[in-house]
Amino acid sequence: MTDLYPITVTANRHIHAPADRLWAFWVTPSLKRNWWGVSEGGDLFECLTEPWTGGRIAYAMRPRGAEGPVERVTGRVLAADPGRRLLFTWSWAGEDAPAMDTTVEATFDPQSHGTEVRVVHDGQPNATVSEIHAKGWTDKLADLDRAASAEATGCLTRLWAAMAVRDWDGVAACLEDDITVDWPHSGERITGA
């Protein structure tokens, strides 16, 4: 990798989800495909994240439902702290653009009522590229927020549906194992599975 250019892009977003769950969305291909590139109208058709030091990063995206240029990113994980931090090289090459080597650090800072997700992308060669990446990371974090919120909404829907039919095992399955729900009027107690 060559020396990095001097411009840095930073994007932040507070997301109402646990850091470990957002980490899973970031490094698990089946979850990442649900949010990565959605705002851009992209289809992430190749997705590899090996979330350990020395692991590989490889993404390929094309316009969703249409022919168009393929954008590819490859890289290596420089540092990983599962659930908290992923630092990796970002070597981007589109069909109409030259290859470019940079670094990306994604951090997941647990806070009350969610997680502060921060992406720092170092090595932007010029203002035009930094503007593209600033918008891209801002959009990606919004897409991650929507995906995490949709998952939470789905869980709540399953929880209320199970409660409506008095499926207490189904209710417990919707709860984390360290959660207990007490119903004072009936004396019932449900503990997560």
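The values are calculated or read from the model by the stated rules, or taken from the named source; none is laboratory data. A quick note: this is a predicted structure, and the numbers were derived from the prediction, not measured. Here the Cβ is made from the backbone with ideal geometry for all residues, glycine too, and neighbour counts use every protein chain on show. Only protein heavy atoms, including side chains, enter the accessible area calculation; ligands, DNA and RNA are left aside. Shrake-Rupley method; radii C 1.70, N 1.55, O 1.52, S 1.80 Å.
When Asp101 is tested against (1) open to solvent by less than 20 Å² (accessible area, probe 1.4 Å); (2) in contact (Cβ under 8 Å) with a residue 40 or more places away in the chain, only condition (1) is not met. For the subset of region 1-52 comprising residues that are of a type in the set (Val, Ile, Thr) and over 11 Å from the mean Cα position of the chain (by Cα), which member is nearest to Asp143 (Cα to Cα)? Per the criteria, the residue is Val38. Just name the residue that is most open to solvent (accessible area, probe 1.4 Å) out of those in region 1-54 that are among the acidic types (Asp, Glu) and at pLDDT 90 or above. Top of the filtered list is Asp20. A single member of Gly68, Gly83 is surrounded by 15 or more Cβ atoms within 10 Å (Cβ to Cβ), assigned to a loop (DSSP other than H, G, I, E, B) and not aromatic (Phe, Trp, Tyr), and it is Gly83.
Within region 105-121, is there a residue that is at pLDDT below 90, surrounded by fewer than 18 Cβ atoms within 10 Å (Cβ to Cβ) and over 27 Å from Pro18 (Cβ atoms)? No - not one qualifying residue is present in region 105-121.
Select from region 131-145 the residues that are among the aliphatic types (A, V, I, L, M) and either open to solvent by 20 Å² or more (accessible area, probe 1.4 Å) or not in a helix (DSSP H, G or I) (or both) and list them in ascending order. Steps first, please.
Of the residues in region 131-145, the ones among the aliphatic types (A, V, I, L, M) are 132, 134, 141-142, 144.
Matches in region 131-145: Ile132, Ala134.
Does Gly54 satisfy the condition of being more than 19 Å from Arg118 (Cβ to Cβ), part of a loop (DSSP other than H, G, I, E, B) and in contact with a strand residue (DSSP E or B) (Cβ under 6 Å, 6 or more places away or on another chain)?
Details: more than 19 Å from Arg118 (Cβ to Cβ): yes; part of a loop (DSSP other than H, G, I, E, B): yes; in contact with a strand residue (DSSP E or B) (Cβ under 6 Å, 6 or more places away or on another chain): no.
For Gly54, the condition - more than 19 Å from Arg118 (Cβ to Cβ), part of a loop (DSSP other than H, G, I, E, B) and in contact with a strand residue (DSSP E or B) (Cβ under 6 Å, 6 or more places away or on another chain) - is not met.
Could you tell me which residue of region 23-51 is nearest to Ala147 (Cα to Cα), considering only residues that are assigned to a loop (DSSP other than H, G, I, E, B) and among the polar types (S, T, N, Q)? Looking at the filtered set, the residue picked out is Asn34. Among the residues making up region 53-70, those that are under 18 Å from Arg33 (Cα atoms) and under 20 Å from the mean Cα position of the chain (by Cα) are Arg56, Ile57, Ala58, Tyr59, Ala60, Met61, Arg62, Pro63, Arg64.
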